[in-house]
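Quick notes on the structure that follows.
The values are calculated or read from the model by the stated rules, or taken from the named source; none is laboratory data. Predicted model only: the values in this text are computed from it and were never measured. Virtual Cβ from ideal backbone geometry, glycine too; neighbours counted across all protein chains shown.
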């Protein structure tokens, strides 16, 4: 299991569904953008409308004056009108005047004949929005509005500058006979003024021009109000949309996490399928996924069970015919057999013995797995087990030299000493299989941090690159390249698999790598140490003497 | 009068091979291929010893059923399981039913014969009261070599034949380490190391059931086991 997990590269940072859906909700930002361009368009239309209206006003004044050329003549003769009584022109102008607009009339010499009206609007024109909700929203968003929107100001300088009077483009055009309009900024740049000029025709001659001026403030405040509403609505829509998406994403990712947790729990550290995966009942894709997981796990469990039984079945099925052969051979020995045939009986018996060993090995892993499920854990001194075992090997395999390195202190781990001894048997068997003749087999036990490292190293052929990760799988063997032939026993590649099972039972792992000196291979079990006990544990001999 | 041995085994070749080997030793042998036939014959007349396979034809656990029925007929009849099944589960189940021993089919014929002879000796001793006893005492342990029974602190410990022989091998020389191979040969058994381990485990458990402080069997890792004289 460890191998599988390290084989898979988990992405280092997680990009959750929640974050993705939030990103997706950014699409909602297109709504304010659309709104913005719409409001801009509206502003343009309003401006065009204002321009038309101003031009129309100018034309109306000009048309009215056109019928009274005398007025212009007379005025032109005078230098200035007496301010107290309004002239006739001013009366005409006043009658056509729009609120908040300023109308002035000039003659060909750019002399101002009449000036009527003012550009300033009432400051408190903007009424606060109606309804408490709108008011709250307005108050909340006011800082945002001030930041984003340019407020129309009424404190601009509304004097009629001389250069406009004498040199404005619209004035020139109008005096040349072409009605024109123009936007210009006030002298203090606080507002924009739209001026429309229209010529006053008398016969075929232009005798003067009418100029109608208005600020764009009315349009601006209209536009601002539209923007405010736009911001408020889109913000509300965005918040609502993102909020809904977030809740939905939360819900989704919680369900997926639950599914993931359940899936992970469904297979235990030994890779066996545990029962208890609860298929979800939801009628959507995640529910489907959960149901297919459940179905898949069920099939997997069936298959695993089939495989587990398979080895047992196979060995059981084979044992009976093997027993037939061996019992027949034994009966045959009791009969009188010609001397020349005895050698064949011996060979047949040897073959049967090897068959029996194969059968035992086949079931060894399965039996070990069964045993691991029921094995009891105890606290024991790993060093004592290792030294005992190595002393045993020295007696059992005199052809090999064993070198043992142990730390001084006790190394306590939690688990089964019998199983550790069994795993060490397999490690040493493996080392002997590949060892160069007459070279020592090193067994060492070291402590690194919270882990004990039990390593068996031999001199001999190195591991092929491709084998390093797979060595601890079932039925994987390099036996073809092994030189050792000290035992005439079959090899099934289960030894290191058993080491792995036992290491995993102790919450540890098994590793194989080439020696740094390039002369051979070291296979090791890394086992976590037992948690320190509050009081020093008494050794078994102390217990016995007590 | 020769001893009568019943063999209940569905495989004809093994059945006849074992029967031939036993007949050669002078035993009278009856063979039965399945449970109903065997049971019918046992109800008429009990054999002196029964060798039973677990899987009998169509009945996967027919042997277990048969032994249960046989134990109901006789409490003392020696029964040996001879089977291809080698899982701990089957072994424990078989011994719980009251079998005297549990052997896998790879047991050699001499080993099987030794067991049969030992079981018959025990029957003889039990049936002749007042027979001279052959008792070994090691501290709290008392082994009756004739009856093949064990007592610890005067309480009986129910051991199978294999287990009894293993304990006997261990206590012969207290303090000496017996390797797994030695234990196997003393117990007339050819099995793998892990089977010896589980036998020792079961022996310990049986003693612990009688005396929770029992710790006389010591594991010497890599070598074997020894009996600690207290």
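Yes/no matrix, rows are residues, columns are (1) closer than 21 Å to residue A:39 by Cβ; (2) surrounded by fewer than 20 Cβ atoms within 10 Å (Cβ to Cβ):
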residue: A:178; (1), (2): no, yes
residue: A:181; (1), (2): no, no
residue: A:186; (1), (2): no, yes
residue: A:194; (1), (2): yes, no
residue: A:241; (1), (2): yes, yes
residue: A:248; (1), (2): no, yes
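Where residues in region A:322-341 are free of Cβ contacts under 8 Å to residues at least 12 places away in the same chain and more than 8 Å from chain B (Cβ to nearest Cβ), which of them is surrounded by the most Cβ atoms within 10 Å (Cβ to Cβ)? Here the residue is A:337. Considered as a group, the residues in region A:342-367 that are in contact (Cβ under 8 Å) with a residue 60 or more places away in the chain and more than 9 Å from every other protein chain (Cβ to nearest Cβ) include one that is surrounded by the fewest Cβ atoms within 10 Å (Cβ to Cβ), and that residue is A:354. Going by the conditions given, is residue A:543 at pLDDT below 65, surrounded by fewer than 19 Cβ atoms within 10 Å (Cβ to Cβ) and assigned by TED's automatic domain parsing to the domain that holds residue A:384? No, not satisfied.
If you take the residues in region A:373-402 that are more than 24 Å from residue A:508 (Cβ to Cβ) and exposed (fewer than 13 other Cβ atoms within 10 Å of the Cβ), which one is farthest from the other protein chains (Cβ to nearest Cβ)? Here the answer is A:399.
With at pLDDT below 85, closer than 19 Å to residue B:115 by Cα and within 12 Å of chain A (Cβ to nearest Cβ) as the only criterion, which of B:220, B:196 stands out?
Values: B:220 fails: closer than 19 Å to residue B:115 by Cα.
Result of the check over B:220, B:196: B:196.
With respect to the stated conditions, residue B:26 is over 30 Å from residue A:360 (Cβ atoms) and within 14 Å of another protein chain (Cβ to nearest Cβ).
Looking only at residues of region B:96-111 that are more than 9 Å from chain A (Cβ to nearest Cβ) and in a helix (DSSP H, G or I), we find that the one that is surrounded by the fewest Cβ atoms within 10 Å (Cβ to Cβ) is B:96. Regarding region B:133-153, can at least one residue be identified that is buried (at least 16 other Cβ atoms within 10 Å of the Cβ) and part of a helix (DSSP H, G or I)? Scanning region B:133-153, I find no residue that is buried (at least 16 other Cβ atoms within 10 Å of the Cβ) and part of a helix (DSSP H, G or I), so the answer is no. The set of residues in region A:383-409 being in a helix (DSSP H, G or I) and touching a helix residue (DSSP H, G or I) at 6+ places or on another chain (Cβ under 7 Å) consists of A:385, A:386, A:389, A:393. Any residue in region B:206-224 that is touching a helix residue (DSSP H, G or I) at 6+ places or on another chain (Cβ under 7 Å) and assigned to a helix (DSSP H, G or I)? Looking through region B:206-224, none of the residues is touching a helix residue (DSSP H, G or I) at 6+ places or on another chain (Cβ under 7 Å) and assigned to a helix (DSSP H, G or I). For region A:279-292, the tally of residues that are in contact with a helix residue (DSSP H, G or I) (Cβ under 6 Å, 6 or more places away or on another chain) and either assigned to a helix (DSSP H, G or I) or within 14 Å of chain B (Cβ to nearest Cβ) (or both) stands at 2. Output yes when any residue across region A:433-452 is closer than 24 Å to residue A:373 by Cβ, at pLDDT below 90 and assigned by TED's automatic domain parsing to the domain that holds residue A:414, and no when none is. Among the residues of region A:433-452, not one is closer than 24 Å to residue A:373 by Cβ, at pLDDT below 90 and assigned by TED's automatic domain parsing to the domain that holds residue A:414, which makes the answer no. Residue A:319 - would you say it is part of a helix (DSSP H, G or I), out of contact with any strand residue (DSSP E or B) (no Cβ under 8 Å at 6 or more places or on another chain) and within 10 Å of chain B (Cβ to nearest Cβ)? No. Selection over region A:279-321 of residues that are under 30 Å from residue A:353 (Cα atoms), buried (at least 17 other Cβ atoms within 10 Å of the Cβ) and without any contact (Cβ under 8 Å) to a residue 40 or more places away in the chain gives a count of 2. Identify, from the list B:20, B:10, B:90, the residue that is farther than 21 Å from residue A:334 by Cβ and more than 17 Å from the chain's Cα centre (by Cα). Result of the check over B:20, B:10, B:90: B:10.
Considering (1) away from every other protein chain (no Cβ under 13 Å); (2) touching a helix residue (DSSP H, G or I) at 6+ places or on another chain (Cβ under 9 Å); (3) without any contact (Cβ under 8 Å) to a residue 24 or more places away in the chain, the lone condition that residue A:412 does not fulfil carries the number (3). The number of residues in region A:508-528 being more than 26 Å from residue A:435 (Cβ to Cβ) and at pLDDT below 90 comes to 0. Every listed requirement among (1) at pLDDT 70 or above; (2) surrounded by fewer than 12 Cβ atoms within 10 Å (Cβ to Cβ) is met by residue A:128 save one, (1). Of the residues contained in region B:55-66, one or more are found to be out of contact with any helix residue (DSSP H, G or I) (no Cβ under 7 Å at 6 or more places or on another chain) and surrounded by 22 or more Cβ atoms within 10 Å (Cβ to Cβ).
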